[in-house]
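The values are calculated or read from the model by the stated rules, or taken from the named source; none is laboratory data. Just so it is clear, the model here is predicted, and its values are computed rather than measured. Ideal geometry is used to build each Cβ from the backbone, glycine not excepted, and the neighbour counts take in all protein chains shown. Protein only, heavy atoms only, side chains kept; ligands, DNA and RNA dropped before computing areas. Shrake-Rupley method; radii C 1.70, N 1.55, O 1.52, S 1.80 Å.
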Amino acid sequence: MWEKREIFSELPFVSNFEKDKTDFLLKIGELIEVPERYVLTKQFEPSHSFYFLVEGLVNFSISVEDRTNEFSVGKSDEKFTPVGWSGFRSPKRYYTTITCERPCVLLKWSHQNLEKFFDQEPLLGREFLLFVLGKSINLLKHVRTELAEYNNVNWDIETGKTGGFSQEGRYISVPNPLQLLRQSPFFEVFPDKTLHQLAKATQKKYYLNNEPIFNQGDTPKGIDILAYGKAALCFSPDGAQGGIEESAALHLINLPGYLVGWMGAAPDGSNDVTAVASRNSVVYHISARNLHKILNQDPHSALALARRLLWLVSIRLRNARAGLISQRYEREILAISNLIEQNSMQLSVTSPIHKLPHLLNSPLTLDDAFRLLFRLEKEGESLERELSRLSLDILGKIYKEYNFFEGLKNVYQSVTAAPKSLSPSEIRTMAAKQFAGVFNSTPYVIEGWENLPDEPGHIFIYNHLLNHPYNTLPNHFQITLDSHFISSMVLYAKYGEAGIRVVRVPRAEEYGHEYYYERLGHINVYTDESDLSQGTPERRKARRKKFYETAKDHLEKGFNIVISPEGTSMTTEESPGSFKLGAFLLAVSVSPEPYIVPVAVANFDKRINQNVFSLVIKKPFRVSDYVKNPEENKDSLFEFVSKYENEYRKYVEEAAGLARRVESTKINLKTFEQVEKESPVIDKNLFEQDVRILERRHVGKKNDATVFYGSSSFRLWRVMARNFSDYNVMNLGFGGARIAYCLHYFERLIKPNDVKSLVFYAGDNDIGDGCIPRQVLNFFVDFYHRFRESYPHTKFTFVSIKPSPVRFHFLDRIEASNDLVRQFLSREPNTFYLNVYDHMLDESGNIRDELFTEDGLHMNRKGYTLWKGLFLANEKEIFYDPRSEESERQTKLLPKTEIHTQAPSDLA
């Protein structure tokens, strides 16, 4: 039997006040028992009652889209969980539907009675609301814990930019404390006299990019208000104080006047998140002592502060729940609709943000949607700016999809509007480069580079996948993603030519197709999906003959042919369809017979924000190795193709499995993905003397060189030339170099040389100077792209960042940096990743001190002996051998492959 007074007495604030006051609070409340499925609150209804859960389980849900979709956003069985507390803030309506999932016992008050009581007893009201606040923070933590599993916030969406370097001016404009407090939504309820007092108590603090403002779990020292810059809020589910690297991205604060940290205003709390400056920032800090001294001098001000803190947590919880809907249910647009709807009472009916859900529903109006968000974030009213920022946080994946769609439109326009003077080959090259840029912004994986023939002039077969309707261009043209991916990311990357594709003759209504493929010089073929109104037997025979003649001519000229044997497109799950004989008959009609190179693809039929594109290159074969006289022996050829079709189905399953594997094991970049790239500071005099010595002694002095470039780990390798005497080695290492300096001196140290292979070691000093792994990757990618501009097909080796005793506390960063670079290079042809890291640890995972000099950073003779062995064990991948004609070809056609004269044994 439940007893109301006994339960009431368990509330911790009750014992702090006179009995007559707490008795009255008890009197106006009641203890109730309700059955399972009882609805305590309904979303958007006026708030009538407030509850504390005593026993049972409640579910919090949000309805969207005319109440036809309901999403669970949390459950709680914690004693004294607050229910209906959104009634303490304007517009005094419930923001969620709360249902009892088991029979429940609750303490209940009417909001009207509580408000009257708080006005009469503001200090007791303050304690009541602060207790609600503490329990509400627990609800927020539960939602954030779930949200952290997804961690898809994308802070690259900013003022219409998707990355690049920010160029901050030397001078910045920071509002004075009083101006900032007056424009802060949090302080808008306080009188100007109070704001003057708070302004005098502020302390201005400066934070550099990536510098922590405070850490989760630490005791808060006060409140922090953003005055300039940006602050990233991060959360660790287990409460670890590992900073940004151990946390998941939650939210980006970039509006002046918004609170970054507020837990110092609450009693006996710890920081609920980690806050990190995501660019150079200015923060106004008010100590907890000064804050309470000013606001607690008047009981009603103290009550107002408690209400405001509850208001702030309510917003954070609402935003976290919207994020959970977008990530758990992949319903970003519904989540934003709900955000706008929940704020509709405060928004003007003329606010353009009401258009947002409608603009987001079609790829053709996404551009308008993001332009609206960027404009409102910068120029809108306070609530519009906040909602725009939250929407951009939620729309990370859709923004990437929008950029992808814009990229497809731009490629189509470039091809169809290309000057008439350009040849099809030139247009294919132009398109391949543009498609590479489009695909490089998406998650993908390629395996089997070693199976590519060294020279072009072969037939590449693939399983053709459907296009997702979302990627349909305004003229109803669907650019086939799988075939363009093969052309740009495999063939162009390997051979410098995108290949010629066999494409279906379009139907009459597909007017966007014909001119596009005509400009690319692809080969037309009629299929069952083409218009065949004039398809007499004679005409079909003539067209077939023309196809074989055209394709043979291209093959004999050394072009690759890309063709799907199915003649139709399927989903990944259904692929491949039935193989036709055409591609195989084409192969045996050419002399010398080209290889058939099987390429299996997966997931190109899905939206890019929900999957990883994958491609697997299998071993090439010649048809004549399996069928004697195939042109005459059609039955045997048909039997072989039927059997091979079954084998090919395993290839597609392998590609799909590869995508799942990459998706499940990929590195969680966490906030590394979100930190905006900033220009590294370059001291032009720091290495000038070293660089001049290298220019005088080495630059331009050797042909066919394998160039070692990077920091002191190379510079101090004094016997490098002797260790690798079989090769033309050039050591261009300079001491203390970071990746940015390697890029800075590229034109002077690398460009003048006849580089046939580049071996790169850097990143060690970047980490030592405080860079996080994602920044290391960003700097490396900038360097790599600059190298590829000058040497598109030259061998490139990245030597993993070594562990060293003096940097043992950075081992996690070193491992993560290595993994990021390795993952990046796995998608790049002509590259090799040399793992020295693992070999410099003992069996227990400890750094091998015997490999280092006394400074604990640089290697001794034993260390370099280890490296020598690792380099020589992989010499074919790393070094260029000028004595070998084969090596000379490989500078253009890496990675090195064997010529496969046999098909896989399971086909023999």
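Checking every residue in the stretch 424-431 against the condition of being at negative phi, modelled with pLDDT of 90 or more, of a type in the set (A, V, I, L, M, F, W, C) and open to solvent by less than 10 Å² (accessible area, probe 1.4 Å) gives at least one match. The number of residues in the stretch 208-237 that are within 19 Å of Ala288 (Cβ to Cβ) and among the acidic types (Asp, Glu) comes to 2.
When each of Gly217, Gly164 is tested for being in contact with a Gly (Cβ under 6 Å, 6 or more places away or on another chain) and either modelled with pLDDT of 90 or more or not assigned by the TED database to the domain that holds Ile394 (or both), the lone residue that passes is Gly217. If you filter the stretch 735-748 down to residues that are over 22 Å from Tyr880 (Cβ atoms) and in contact with a Lys or Arg (Cβ under 7 Å, 6 or more places away or on another chain), you find that the one that is modelled with the lowest pLDDT is Gly735. Within the stretch 685-699, the presence of a residue that is open to solvent by 10 Å² or more (accessible area, probe 1.4 Å), within 27 Å of Arg279 (Cβ to Cβ), of a type in the set (A, V, I, L, M) and touching a His at 6+ places or on another chain (Cβ under 6 Å) is excluded.
Among the residues of the stretch 632-663, just one is surrounded by 13 or more Cβ atoms within 10 Å (Cβ to Cβ) and not in a helix (DSSP H, G or I), namely Asn633.
Being open to solvent by 30 Å² or more (accessible area, probe 1.4 Å) and in contact with a Pro (Cβ under 8 Å, 6 or more places away or on another chain) is the filter; apply it to the stretch 363-382 and report the residue that is farthest from Ala232 (Cα to Cα). So, considering only residues that are open to solvent by 30 Å² or more (accessible area, probe 1.4 Å) and in contact with a Pro (Cβ under 8 Å, 6 or more places away or on another chain), the one farthest from Ala232 (Cα to Cα) is Leu364. Among residues of the stretch 21-39 that are in contact (Cβ under 8 Å) with a residue 60 or more places away in the chain, those with a beta-carbon under 7 Å from a residue that is open to solvent by 90 Å² or more (accessible area, probe 1.4 Å) at least six positions away or on a different chain give the pairs Glu36/Arg102. Are any residues in the stretch 399-437 assigned to a helix (DSSP H, G or I) and free of Cβ contacts under 8 Å to residues at least 24 places away in the same chain, and if so, which ones? Passing the criteria: Gln413, Ser414, Glu426, Met430. Taking the conditions exactly as written (among the β-branched types (Val, Ile, Thr), out of contact with any Lys or Arg (no Cβ under 7 Å at 6 or more places or on another chain) and modelled with pLDDT of 85 or more), does Val415 satisfy them or not? It is false that Val415 is among the β-branched types (Val, Ile, Thr), out of contact with any Lys or Arg (no Cβ under 7 Å at 6 or more places or on another chain) and modelled with pLDDT of 85 or more. Taking every residue in the stretch 684-706 that is farther than 15 Å from Ser757 by Cα and among the aromatic types (Phe, Trp, Tyr) and pairing it with any residue that is at pLDDT 85 or above and open to solvent by 40 Å² or more (accessible area, probe 1.4 Å), at least 6 positions away or on another chain, the pairs with Cβ-Cβ distances below 9 Å are Phe687/His744. Restricting attention to the stretch 260-277, the residues being open to solvent by 10 Å² or more (accessible area, probe 1.4 Å) and in contact with a Phe, Trp or Tyr (Cβ under 7 Å, 6 or more places away or on another chain) number 1. Of all residues in the stretch 860-881, those that are closer than 18 Å to Val719 by Cα have Cβ atoms under 7 Å from Cβ atoms of residues that are polar (S, T, N, Q), 6 or more apart or on another chain, in Asn860/Thr853; Lys868/Asn723; Ile878/Ser757; Ile878/Thr797; Phe879/Thr706; Phe879/Ser757. If the condition is being under 23 Å from the mean Cα position of the chain (by Cα) and at pLDDT 85 or above, then the stretch 373-385 contributes Leu373, Phe374.
For the stretch 449-461, the criterion of being buried (at least 20 other Cβ atoms within 10 Å of the Cβ) and either among the acidic types (Asp, Glu) or more than 30 Å from Val599 (Cα to Cα) (or both) is met by no residue.
For (1) open to solvent by less than 10 Å² (accessible area, probe 1.4 Å); (2) not β-branched (Val, Ile, Thr), each residue gets a yes or a no:
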site	(1), (2)
Asp298	no, yes
Ala304	no, yes
Leu309	yes, yes
Leu312	no, yes
Arg316	no, yes
Ser326	yes, yes
Ile333	no, no
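Note on the stretch 11-34: among residues that are assigned to a loop (DSSP other than H, G, I, E, B) and either open to solvent by less than 80 Å² (accessible area, probe 1.4 Å) or touching a Gly at 6+ places or on another chain (Cβ under 6 Å) (or both), the one that is farthest from Ser76 (Cα to Cα) is Phe17.
So, Gly229, is that one on the phi > 0 side of the Ramachandran plot and open to solvent by 10 Å² or more (accessible area, probe 1.4 Å) or not? Taking the combined requirement at face value, the residue satisfies it. For the stretch 817-828, the count of residues that are more than 29 Å from Phe485 (Cβ to Cβ), surrounded by fewer than 17 Cβ atoms within 10 Å (Cβ to Cβ) and assigned by the TED database to the domain that holds Ser712 is zero. Looking at the stretch 478-501, can you tell me whether even one residue there is outside any helix (DSSP H, G or I) and open to solvent by 50 Å² or more (accessible area, probe 1.4 Å)? Looking through the stretch 478-501, at least one residue is outside any helix (DSSP H, G or I) and open to solvent by 50 Å² or more (accessible area, probe 1.4 Å).
For the stretch 587-636, residues that are more than 46 Å from the chain's Cα centre (by Cα) and in contact (Cβ under 8 Å) with a residue 40 or more places away in the chain total 4. Taken together, Phe128, Phe60, Phe88, Phe71 contain a single residue that is touching a residue at least 40 places away in the same chain (Cβ under 8 Å), under 16 Å from Ala322 (Cα atoms) and crowded, with 22+ Cβ neighbours inside 10 Å, which is Phe60. The residue that is farthest from Gly863 (Cα to Cα), counting only those in the stretch 714-733 that are in contact (Cβ under 8 Å) with a residue 60 or more places away in the chain and in contact with a Lys or Arg (Cβ under 6 Å, 6 or more places away or on another chain), is Asn728. Tell me, yes or no, whether the stretch 618-631 has at least one residue that is more than 16 Å from Leu586 (Cα to Cα) and either crowded, with 16+ Cβ neighbours inside 10 Å or in contact with a strand residue (DSSP E or B) (Cβ under 6 Å, 6 or more places away or on another chain) (or both). Yes - at least one qualifying residue is present in the stretch 618-631.
Do we have any residue at all in the stretch 339-355 that's outside the structural domain of Leu259 (by the TED database), open to solvent by less than 30 Å² (accessible area, probe 1.4 Å), under 23 Å from Thr145 (Cβ atoms) and touching a residue at least 40 places away in the same chain (Cβ under 8 Å)? Yes, the stretch 339-355 has at least one match. Taken together, the residues in the stretch 49-91 that are modelled with pLDDT of 90 or more, part of a loop (DSSP other than H, G, I, E, B) and not aromatic (Phe, Trp, Tyr) amount to 7. Of these, Gly736, Gly763, Gly710, which one is touching a residue at least 12 places away in the same chain (Cβ under 8 Å), open to solvent by 30 Å² or more (accessible area, probe 1.4 Å) and within 33 Å of the chain's Cα centre (by Cα)? Of the residues listed, the single one that is touching a residue at least 12 places away in the same chain (Cβ under 8 Å), open to solvent by 30 Å² or more (accessible area, probe 1.4 Å) and within 33 Å of the chain's Cα centre (by Cα) is Gly736.
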